[in-house]
Every structure is written in C-alpha cells, then in structure tokens.
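The values are calculated or read from the model by the stated rules, or taken from the named source; none is laboratory data. Note that the structure is predicted; figures quoted are calculated from it, not measured. All Cβ positions, even for glycine, are placed from backbone atoms using ideal geometry, and neighbour counts span all protein chains on display. Accessible surface is based on the protein model in full, side chains and every heavy atom, while ligands, DNA and RNA are left aside. Shrake-Rupley method; radii C 1.70, N 1.55, O 1.52, S 1.80 Å.
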Amino acid sequence: MAKPRVAFFEFSDCEGCQLCALDLTPEQLLDLVSVVDIVEFREAMTEKAGALDDHGDGTDSIDVAFIEGSINRESDVARLKRIRERASIVVALGACAHIGGINALKNFQSEEEYRKAAYPTDPYKYESTTAKAIGEFIKVDAVIPGCPIDTGEFLHVVKDLLVGHKPQVPDYPVCVECKLKENGCVYEKGMHCLGPVTRAGCGARCPSNGGYCYGCRGLISKPNIASQQDIMQKYNLNEDEMLSKFKMFLQRSKEVFPDDK
Amino acid sequence: MPYVYHIKQHSKNRLQKISASENLSMFKQRRIVIMTAETLLISKQRLISSMDAAKSNYRIAALTKTNDDRYVYDYIGKGDDIEFEYHPTVIPPKKFLFLSKETLFEFSDDGKIKSELETTPTILFGIRPCDLNAIKILNEAFADHHGDPNYLARLEKTLVIGMECTKVCDEHAFCYRTGSQNAKGGYDIMLYPDGDNFAVKSVTDKGKKFVTKYLTKHTANIGADDFINEVLKKKEQAFSKEKLFPNLDKMPEIFAANSHHPIWEQEGSKCLSCGSCIMTCPTCYCFDVRDEVALNMQHGKRQRVWDGCMLDTFAVVAGGANFRGSQTDRLHHRINRKFNWLVHKHGQSVCVGCGRCVRACLAKISPKTIGDAILADAKLATATVDVPLDAHKADRDLYLPMPAKIVACESFTEQEKHFKLELENGKSLGHDAGQFVQISILGVGEAPISLASPPDNTPTFDICVRKVGDVTNKLHTMNVGDTVHVRGPFGHGFTPEIMEKMRGKHLLFIAGGIGYVPLRSLINQVVANQHDYEKITILYGCKTPSERMFPKELSHLAKIGGKISIAETVDQAEEGWTGNVGVITTLIPPIDLDPTNTIAVIVGPPIMYKFVLKSLTDKHITADNIYVSLERRMKCGVGKCGHCQMSGIYVCQDGPVFKYADIKDNEEVF
Ligand code: SF4
Ligand code: SF4
Ligand code: SF4
Ligand code: SF4
Ligand code: SF4
Ligand code: FES
C-alpha cells in the first residue's frame with residue numbers, strides 16, 4: 001500500500017502547533033516517516049516536490065492536509081479552498097484553525113482599533129479582516145484542538161487516519177480528566193475555570209499545573225453555558241470578568257457569542 | 001432508628017443457622033459481627049511495622065498525603081506513609097480493582113491475540129465502610145452472569161483491610177442516609193480504631209492467613225471483643241443524630257413511581273454533563289472499549305477506560321440516535337441505577353453515600369437531595385424488573401475474539417453488505433435466531449451485528465452489515481478470504497421456548513429497513529418449517545426501494561404463496577417501483593387475523609415501534625403476544641459496560657429480543 005501523502009500548511013498563527021506535531025522522539029519520527037510521506041512542511045523542509053502555485057503551495061493531490069492558523073485575509077480564503085481541493089482529508093491543527101484561537105480576540109475591537117494596534121505607523125497597509133476558523137470556509141474532517149496541540153493527540157489522529165478510523169477527540173469536558181488526576185477543583189482555591197464546558201483531551205493541563213482552564217480546546221458539542229455562568233457567579237465573578245473568561249478563546253463559539261460578525 | 005449491634009461469639013454451625021433462619025434483609029440496621037475469626041489487639045506502631053514486613057510480598061495501597069497536600073489512595077513506599085485519619089479522596093479505591101484504563105488484550109498485524117491478567121498480590125489498606133460496600137457491589141457486578149476476567153483476577157490477588165469510621169467524615173457524606181456506614185462485605189479484615197490502638201478481625205480465610213502470618217506475633221487477643229464493642233458503641237453515638245432516608249426499604253418502588261417528579265428537571269437542568277460525578281463514584285463501573293495501535297501499525301491493544309452515563313454521548317448508537325439526549329434523562333438514569341434498578345440485585349443502596357459526587361459537582365447536584373425529595377413521597381409502584389445476581393467465575397476468554405474467515409459476500413445496496421463467515425476453529429456458532437455477535441477489526445474496534453442466518457450446525461453464519469461507523473465502513477472494504485474476529489453469540493434471541501409458543505400460530509412479522517436482518521434468521525427458520533404454523537405474514541417497509549434488504553429472497557418469498565404472504569411498502573417510490581407507497585402502519589389494518597392466535601414480531605428503527613404497537617393494539621393483539629428486538633449502543637455485549645442499559649435492563653444480555661409485556665412499562669424503552 002502506498003504511504004499516504006501528508007502536508008502541513010499555515011495561516012495566521014505562531015507555528016507552535018507544527019512544532020508540537022514534530023516534537024517527537026527519534027523513534028517516533030522514524031515510525032512516522034515509515035508510515036506517511038510528508039510532502040510539504042515549511043517548518044521542517046526546504047524543498048517542495050512538484051510545481052508550485054501562486055501561494056507557494058504545491059499542486060499535487062494530497063491525502064491529508066494539516067492546516068494551522070486562523071483566516072484573517074480575503075486572499076487566505078482562496079488559498080484555503082485550493083488546499084481543500086487538493087486534499088482528501090483536512091485536519092484543523094490547533095486552536096487558531098479550529099476555533100480562531102487567540103487571533104479572534106481582535107474581533108472584539110473595531111477594525112480601526114486592531115489595525116492601529118498591529119501596525120501603528122501604517123494601519124491600512126496590510127489586509128486584515130475578522131479572524132475566523134478554517135471550518136467557517138471549508139469542510140474540516142477532523143480537528144486537533146488546543147493551544148498548543150498535544151503531541152500525543154496529533155499522533156493519535158495520524159494513527160486513526162491510517163487505520164481508517166474517524167479521528168476521535170473527546171466530546172466530554174476537561175473535568176473528566178481533571179478528576180482522573182485527582183485534582184482538587186480550582187474553584188475551591190478561588191480560581192474560575194472553563195473546564196466544565198471545554199473539550200477534554202489535554203489531560204486537564206492547566207488545572208493540574210496551578211492554573212485554570214481557558215477553554216483553548218473549544219466547547220464540547222452541548223455545553224451548558226447557563227449553568228457554567230451560574231457557577232462562576234456563585235463563585236463571585238461579576239459579569240465583565242465572566243465575559244473576559246469566555247473571550248479568550250471562544251469568540252467564534254455561537255453558544256457564547258451568538259450575535260457576532 | 002437506633003443502631004443495634006449484636007456481638008457474640010458463634011460457632012460455625014450456629015452461624016450457618018443464623019444466616020439461614022434470620023432474615024438478613026438489606027436494610028436491617030443490625031449487624032451480626034461474626035466472631036469465628038480470631039480477633040486481636042495491636043498498636044498503631046506495630047500495625048505499621050507489620051505492613052512494612054508485608055511489603056516484601058505485597059504491594060500496599062493506602063490513604064496517603066501528596067506533596068501538594070492532597071489526600072489520595074496510592075501505593076505506599078513504607079508503612080509510615082499511611083494516613084490513619086480519614087480525609088475524603090477525589091477518586092475511590094475502586095481504581096485498584098477496576099483500573100481507569102486497562103488492556104483487555106494485545107494484538108499484532110498477523111492477527112495473533114494475547115492477554116495477561118493481574119498476578120501481583122496487593123493489599124488495599126484502611127478502606128472505609130462506604131468504599132467497602134462499594135467494593136462488595138463491584139465484586140458482585142463483575143461476577144454477575146459472566147465473570148469479568150480482568151477484574152476477578154485482580155480481586156483474587158487482593159486482600160482488603162477495612163477500617164471502621166468513628167465519625168461522619170464531612171458535611172457532604174451521607175452514608176448514614178443509605179445505611180452504608182456499616183460494611184456489609186467487601187473486605188477480608190476489619191480494623192477498629194481507638195486512638196493509637198486497633199482491634200483486628202478477619203472474616204475470610206484469606207484474612208485469617210494474613211493475620212496469622214503478619215500480625216499475631218505482636219498482639220494480644222484478650223479484650224479484643226470488648227474493644228470492638230466499645231468502638232462500635234462510640235460510632236453509634238457519633239452517628240446517632242444522622243437519619244436514614246425515609247422509606248429506605250421501599251426505595252426501588254418509590255423511585256419507580258416518581259419518574260416524573262419535578263426534582264428531576266429542577267436538578268437536571270443545572271447539570272453540565274461534566275462527568276465529575278461518575279468519574280469519582282465508587283459504584284460506577286461503566287466503561288468504553290477502544291483499540292490503540294502503535295505508530296508503526298504493527299501491533300496494538302484493545303483497552304477499556306472508565307466511561308459513564310452522565311456524559312452526553314454515552315447512549316449514542318452508531319446511526320447517531322441518542323437514547324438519553326437530555327441532562328435530565330441522564331441524571332434520572334444515573335440516580336435510578338443507584339436507588340432503584342440495581343438495589344434488589346445487590347441487597348443494598350447502590351449509592352453508598354460517600355459524598356464524592358457531591359464534592360465534585362459544581363452545580364451542587366446531590367443524590368441526597370434527590371433521595372430526600374423522592375423518598376418523602378411514599379407513592380409506590382412495582383419496581384422495575386429484577387434480574388437476580390447470578391455469580392460466575394472468571395471467564396478467561398470473555399473479551400477475546402475468535403478469528404473467522406469471510407467465505408462469501410455480496411453488496412445489496414450502497415449501504416448494506418452481506419457476509420458469510422466461517423469460524424477458524426471449525427465449530428458452529430450455536431446461536432438462536434435474533435441473537436447478535438460482536439465483530440472486531442483489530443485496530444479499528446468492535447461493533448454489534450445481528451445474525452442473519454437461521455441456527456444450524458455448520459461453522460458458517462451470515463451477517464448483514466450497514467455502513468454506519470468505523471468498523472462497518474472497514475468491513476465494507478473487505479472481501480472473501482479476509483479475516484475478521486468474532487465474539488458471541490450474545491443476548492437473548494428467539495429461544496426454543498418462544499419458538500414453542502409460536503407453534504400453530506399465525507406469525508406476523510413487521511420489519512422496517514435494516515430491521516429485516518435480525519428477523520431474517522427467524523423468517524427463514526419458520527418458512528422452512530411452515531407446516532408448524534397457521535399462517536406467516538411478513539410486512540416490510542423501507543424508505544426507498546433501493547434500501548430493501550435481500551431483494552431476491554423477498555421476491556422468492558412472495559412467490560411461495562399458500563400460507564405465506566408478504567406485503568411491502570416504501571416511504572418514497574423510485575423509478576420502476578410498482579408496489580405500495582406509505583408508512584408501514586398502512587399495511588396492518590387490512591390483515592385478516594385472530595388476535596388470540598397471532599404472535600407479532602417487530603424489528604425496525606426506534607421511531608417505528610410506537611406507531612406499529614398502536615396499530616397492533618387496535619387489532620387487539622395483547623402485549624404478551626408481541627415480541628420486539630431493540631437497538632442500543634453496545635460495547636461489551638456481556639452486561640458489563642453499561643452502554644446498552646435501559647431502566648436496569650441490559651439489552652445485550654436480557655435482549656435484544658423482548659416480549660413487549662415485559663418492557664412496556666419501562667420508561668427508557670421507546
Ligand atoms: S478545576 Fe476546572 S477542570 Fe478541574 S474539576 Fe474544577 S472546573 Fe473542572
Ligand atoms: S486545561 Fe483548558 S486551557 Fe488548558 S490546555 Fe486544557 S483546554 Fe486548554
Ligand atoms: S462516607 Fe461514611 S463510611 Fe464513608 S468515610 Fe465518610 S463517614 Fe466513613
Ligand atoms: S458532576 Fe454535576 S454537573 Fe457534572 S455531570 Fe455530574 S451531576 Fe452533572
Ligand atoms: S452516587 Fe455519589 S455519594 Fe453515591 S456512591 Fe456515588 S459518588 Fe458516592
Ligand atoms: S452492558 Fe455492555 S453492551 Fe450491554
């Protein structure tokens with residue numbers, strides 16, 4: 001059987017997730033390249049095989065495209081669609097691609113505000129619109145959530161794709177993993193955590209390490225936002241503070257910010 | 001109610017008489033402390049050094065404090081690590097017997113399967129009564145009907161040393177509500193603490209051997225009985241202010257009568273489906289099963305991980321239907337497992353009031369609140385069907401599938417493909433019509449599939465597979481010569497008793513869509529023996545003509561005539577379809593039948609049942625003469641994982657074939 005052709009692409013992001021994807025032991029790396037062909041990967045390769053298009057991407061068909069980053073420019077949309085056409089399977093890699101990520105924080109500002117903040121001297125020199133997730137433009141077959149992603153979960157998704165499994169990321173909240181780690185709940189320590197509505201899979205990384213969940217993996221499919229708000233209120237969070245909790249990663253989530261652009 | 005303790009030295013004979021004569025009923029707040037074992041006294045220091053001595057032969061798990069000041073049950077390095085004062089833990093000691101993640105077997109790409117069971121002798125030290133009751137419940141659940149090999153192997157290697165509580169551990173605990181502050185079992189040895197001294201009493205042979213080997217040399221047994229007496233008296237005092245649930249002994253009946261009590265919606269609407277309650281509960285034992293392959297794709301393992309009914313997707317079947325789609329439905333299910341469905345089976349409340357779920361729930365949903373609200377209402381109903389405990393020894397092969405070769409296959413539609421499989425061991429599957437098998441593709445997973453061929457003595461059998469999930473998608477790519485793996489047959493099908501009841505009757509088969517498959521084995525069986533029946537009527541409805549299963553067979557059946565008649569309908573016609581168009585219920589009124597001599601069998605999608613059942617009732621067919629085969633999510637197939645459960649019934653074990661009369665009052669069915 002021919003090895004599946006795999007490629008990585010990035011849009012607006014910090015490239016941290018691609019780094020995480022390749023943060024492998026030498027054995028893992030060898031195993032990985034023995035089962036897949038990485039054909040495009042700017043982070044890790046200098047050469048691309050075959051002809052290039054005007055975005056600098058290849059033109060051959062690919063089996064799996066891992067796409068990192070949110071979409072912030074009209075021109076990105078065309079490139080994104082081109083990748084979709086080339087790929088049998090598209091995987092959103094990391095929070096930016098999956099839910100707009102930190103980039104989507106700017107959507108709470110006016111266009112003028114965020115342009116000035118980013119390019120103080122010449123705010124209108126570059127293209128920049130509302131930050132959106134890739135799934136708002138193209139069909140996404142699987143996601144690897146998180147900011148940054150978890151290397152183990154990346155490998156998991158790769159294996160799922162190889163055996164012909166629909167890649168499964170948990171659809172239950174972070175609390176499940178937090179309890180399995182036998183953590184005391186951070187609400188009892190005066191912190192406010194989005195664990196009860198956030199998709200698990202990170203191993204409750206933040207509450208297990210002295211912090212609280214920011215929701216970087218996005219919401220579960222059926223979050224009870226009203227109850228989450230009641231709880232934060234009961235634990236003395238006022239309306240504004242509550243809102244800023246949700247703003248961090250969940251700007252593109254209709255359950256929290258329904259009437260958004 | 002005051003707690004009365006009977007503490008007496010009894011001979012073994014006398015004890016046997018007592019247990020036979022006295023009704024040791026589940027909620028009797030009376031304890032017979034069995035005094036045949038040697039009781040003795042020991043100081044804390046000596047107890048600790050005995051544990052240090054035992055460490056050379058056992059690994060010991062006990063309550064300890066972590067560096068960041070959390071209390072957890074963990075394996076200890078030395079006896080001094082043990083915390084003797086109880087502080088509630090997030091996760092109960094169940095985790096040592098039923099691991100949060102464990103391997104059922106390993107496989108390699110050549111199809112070889114191997115499994116290993118636990119062999120390390122382990123001590124669980126200082127387990128409190130609530131958790132001991134929970135261990136007793138798990139011991140029974142994992143041995144019920146089929147012996148779970150992994151759990152029972154571990155249990156056999158484990159010695160449980162309990163420790164009495166002398167006060168209520170915190171404001172969230174409510175063991176006293178469910179009568180669980182006294183251990184009804186689940187331990188080998190009990191410690192009765194008083195300051196820095198302990199009385200030790202062993203109640204099993206395993207416990208006695210351990211005591212003799214590790215504890216006796218440091219101890220005195222004079223006065224031990226009085227010591228225990230004193231400890232229990234103090235305990236009784238400390239708990240005297242706390243009350244049992246009202247009507248505790250009628251819990252199942254009252255819960256059965258209160259499925260529509262407002263408390264369900266009131267508490268359920270707050271629920272976040274966060275799963276904290278089920279992760280921390282000592283008596284939750286549901287699990288999910290997943291295959292994990294190595295990155296080099298050459299080997300892998302099938303694992304089970306904790307799962308639970310409060311999570312949104314727990315009861316979702318491959319086709320996408322969720323049988324408990326709301327938080328309220330799920331809360332009702334979880335609490336009814338604890339306070340209703342499983343109570344008779346275990347002879348005690350299955351919530352042991354440890355308070356873990358209450359501490360963990362940010363929405364502050366508590367079984368205590370729900371119990372108090374519902375049990376105050378003394379309205380009674382007949383409790384749901386009670387299937388008694390049926391203890392079995394460990395079945396080494398319970399989760400190990402057998403290889404089977406595809407010897408024939410044919411695609412019926414885009415979605416449905418038919419396979420003939422042959423077991424490599426050359427044996428016959430030995431199934432009844434209506435049973436199912438679990439088909440494995442190693443690395444992908446396992447899926448329940450109905451058997452489509454009638455029972456026979458050959459090593460081959462038929463399945464018909466609809467593409468709805470990973471396993472079935474993969475199966476569709478497989479062909480003659482390929483190997484799959486099989487477990488089963490499972491469940492309750494059309495048993496010889498049911499077949500006997502059908503003799504001489506007019507049989508009315510009503511199938512919708514792929515529901516024809518589980519019926520096909522039965523239809524073929526009765527058509528082959530048609531002289532045994534008065535009449536055979538087959539009604540078959542599909543969405544479109546191209547979804548019809550076994551089309552050749554259907555036209556063959558239509559041609560036989562005589563006492564066999566078949567009527568078909570589709571929801572939407574396609575080109576070339578000249579038959580009926582309309583829902584399946586339109587086929588029922590015209591049938592000429594004598595309701596006293598008719599038996600109806602229905603299999604189809606969930607939505608179909610309600611309407612078909614109504615039409616049959618209109619025809620005066622009684623619930624005793626209707627059989628249904630139900631679909632639920634299934635993982636284990638053997639009554640363990642909880643996925644298929646509806647109102648205390650395991651569809652994988654007690655079904656999928658049910659007499660309608662047996663389940664019609666069961667609120668989670670349709
Ligand atoms: S700390 Fe956060 S994730 Fe952990 S249990 Fe509490 S709310 Fe859930
Ligand atoms: S705990 Fe929350 S914020 Fe932290 S990694 Fe996990 S999902 Fe992201
Ligand atoms: S819940 Fe009851 S039995 Fe369990 S530790 Fe607390 S006081 Fe003891
Ligand atoms: S812990 Fe509470 S909120 Fe979470 S699932 Fe359980 S009942 Fe619902
Ligand atoms: S339901 Fe709650 S209180 Fe009852 S045994 Fe489970 S965790 Fe403990
Ligand atoms: S209990 Fe596991 S499938 Fe029924």
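Please find, among B:500, B:534, B:553, the residue that is in contact (Cβ under 8 Å) with a residue 40 or more places away in the chain and of a type in the set (Asp, Glu).
On the way: B:500 fails: in contact (Cβ under 8 Å) with a residue 40 or more places away in the chain; B:553 fails: in contact (Cβ under 8 Å) with a residue 40 or more places away in the chain.
Only one candidate passes the filter, namely B:534.
Given the stretch A:52-149, what helices (runs of 4 or more DSSP H) lie entirely inside it while holding 2 or more residues that are open to solvent by 70 Å² or more (accessible area, probe 1.4 Å) and farther than 28 Å from residue A:160 by Cβ? Show your work before the answer.
Details: elements: A:74-86, A:95-99, A:111-118.
It comes to A:111-118.
For the stretch B:99-112, what are the residues that are open to solvent by 50 Å² or more (accessible area, probe 1.4 Å) and farther than 28 Å from residue B:188 by Cα?
The answer is B:106, B:109, B:110, B:112.
Tell me whether the stretch B:375-389 contains one or more residues that are within 16 Å of ligand 2 (Cβ to nearest atom) and more than 25 Å from the chain's Cα centre (by Cα).
Let us first name the residues in the stretch B:375-389 that are within 16 Å of ligand 2 (Cβ to nearest atom), namely none.
No: zero hits.
Would you confirm, using the coordinates I've provided, whether residue B:364 is surrounded by fewer than 24 Cβ atoms within 10 Å (Cβ to Cβ) and within 16 Å of ligand 1 (Cβ to nearest atom)? Before the answer, list the steps.
On the way: surrounded by fewer than 24 Cβ atoms within 10 Å (Cβ to Cβ): yes; within 16 Å of ligand 1 (Cβ to nearest atom): yes.
The answer is yes for residue B:364.
Among the candidates B:330, B:324, which residue alone is within 13 Å of ligand 4 (Cβ to nearest atom) and in contact with a His (Cβ under 8 Å, 6 or more places away or on another chain)? Quick ask: steps written out before the conclusion?
Numbers: B:330 fails: in contact with a His (Cβ under 8 Å, 6 or more places away or on another chain).
Step by step, each of B:330, B:324 is checked, and only B:324 is within 13 Å of ligand 4 (Cβ to nearest atom) and in contact with a His (Cβ under 8 Å, 6 or more places away or on another chain).
Condition first: more than 14 Å from chain A (Cβ to nearest Cβ), farther than 14 Å from residue B:304 by Cβ and outside any loop (DSSP other than H, G, I, E, B). Now tell me which residues in the stretch B:76-107 satisfy that. Walk me through it before giving the result.
Taking the stretch B:76-107 as the starting set, the residues that turn out to be more than 14 Å from chain A (Cβ to nearest Cβ) are B:76-86, B:97, B:103-106.
In the following step, the residues that additionally are farther than 14 Å from residue B:304 by Cβ were identified as B:76-86.
B:79, B:80, B:81 - these are the residues of the stretch B:76-107 that are more than 14 Å from chain A (Cβ to nearest Cβ), farther than 14 Å from residue B:304 by Cβ and outside any loop (DSSP other than H, G, I, E, B).
Are any residues in the stretch A:156-169 more than 9 Å from every other protein chain (Cβ to nearest Cβ) and either open to solvent by less than 30 Å² (accessible area, probe 1.4 Å) or closer than 13 Å to residue A:212 by Cα (or both), and if so, which ones?
Within the stretch A:156-169, the subset more than 9 Å from every other protein chain (Cβ to nearest Cβ) is A:157, A:161, A:167, A:169.
Within the stretch A:156-169, A:157, A:167, A:169 meet the criteria.
Out of the stretch B:275-288, which residues are of a type in the set (Val, Ile, Thr) and within 12 Å of chain A (Cβ to nearest Cβ)? Explain how you work it out, then say what you get.
Applying the first criterion (of a type in the set (Val, Ile, Thr)) to the stretch B:275-288 yields B:278, B:280, B:283.
B:278, B:280, listed by residue number.
Working carefully through the options B:411, B:366, find the one that is in contact with a helix residue (DSSP H, G or I) (Cβ under 9 Å, 6 or more places away or on another chain), away from ligand 6 (no atom under 16 Å from the Cβ), more than 14 Å from every other protein chain (Cβ to nearest Cβ) and closer than 20 Å to residue B:480 by Cβ. Walk me through how you get there before you give the answer.
On the way: B:366 fails: closer than 20 Å to residue B:480 by Cβ.
When all the criteria are applied, what remains is B:411.
Every residue, every condition in (1) under 23 Å from residue B:67 (Cα atoms); (2) open to solvent by less than 20 Å² (accessible area, probe 1.4 Å); (3) within 16 Å of ligand 6 (Cβ to nearest atom); (4) assigned to a helix (DSSP H, G or I), yes or no:
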site	(1), (2), (3), (4)
A:171	no, no, no, no
A:178	yes, yes, no, yes
A:204	yes, yes, no, no
A:208	yes, no, no, yes
A:212	yes, no, no, no
A:226	no, no, no, yes
A:241	no, no, no, yes
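Tell me, please, whether a residue that is within 16 Å of ligand 4 (Cβ to nearest atom) and among the hydroxyl-bearing types (Ser, Thr, Tyr) can be found in the stretch B:249-261.
Of all residues in the stretch B:249-261, those within 16 Å of ligand 4 (Cβ to nearest atom) come to none.
Checked against the condition, which is being within 16 Å of ligand 4 (Cβ to nearest atom) and among the hydroxyl-bearing types (Ser, Thr, Tyr), the stretch B:249-261 yields no hits at all.
Residue-by-condition table, conditions (1) on the phi < 0 side of the Ramachandran plot; (2) touching a Gly at 6+ places or on another chain (Cβ under 9 Å); (3) at the interface with chain A (Cβ under 9 Å from one of its Cβ atoms); (4) crowded, with 23+ Cβ neighbours inside 10 Å:
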site: B:290; (1), (2), (3), (4): yes, yes, yes, no
site: B:293; (1), (2), (3), (4): yes, yes, yes, no
site: B:298; (1), (2), (3), (4): yes, no, no, no
site: B:320; (1), (2), (3), (4): no, no, no, no
site: B:331; (1), (2), (3), (4): yes, yes, no, yes
site: B:343; (1), (2), (3), (4): yes, no, no, yes
site: B:350; (1), (2), (3), (4): yes, no, no, yes
site: B:354; (1), (2), (3), (4): yes, no, no, yes
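Among the residues of the stretch B:255-274 satisfying the criterion of being more than 14 Å from chain A (Cβ to nearest Cβ) and of a type in the set (S, T, N, Q), which is surrounded by the most Cβ atoms within 10 Å (Cβ to Cβ)?
Applying the first criterion (more than 14 Å from chain A (Cβ to nearest Cβ)) to the stretch B:255-274 yields B:255-264.
After this cut, where a residue has to be of a type in the set (S, T, N, Q) as well, the list is B:258-259.
Details: B:258: 22, B:259: 15.
Looking at the filtered set, the residue picked out is B:258.
Residue pairs, Cβ under 6 Å, 6 or more apart or interchain, first in the stretch B:232-254 and crowded, with 19+ Cβ neighbours inside 10 Å, second assigned to a loop (DSSP other than H, G, I, E, B) and not basic (Lys, Arg). List them.
From the stretch B:232-254, the pairs are B:235/B:166; B:248/B:27; B:252/B:383; B:253/B:380; B:253/B:381; B:253/B:383; B:254/B:247.
Give the number of residues within the stretch A:228-239 that are part of a loop (DSSP other than H, G, I, E, B) and more than 14 Å from ligand 1 (Cβ to nearest atom).
Residues of the stretch A:228-239 part of a loop (DSSP other than H, G, I, E, B): A:235-238.
Still in the list and also more than 14 Å from ligand 1 (Cβ to nearest atom): A:236, A:238.
Going through the stretch A:228-239 one residue at a time, the tally reaches 2.
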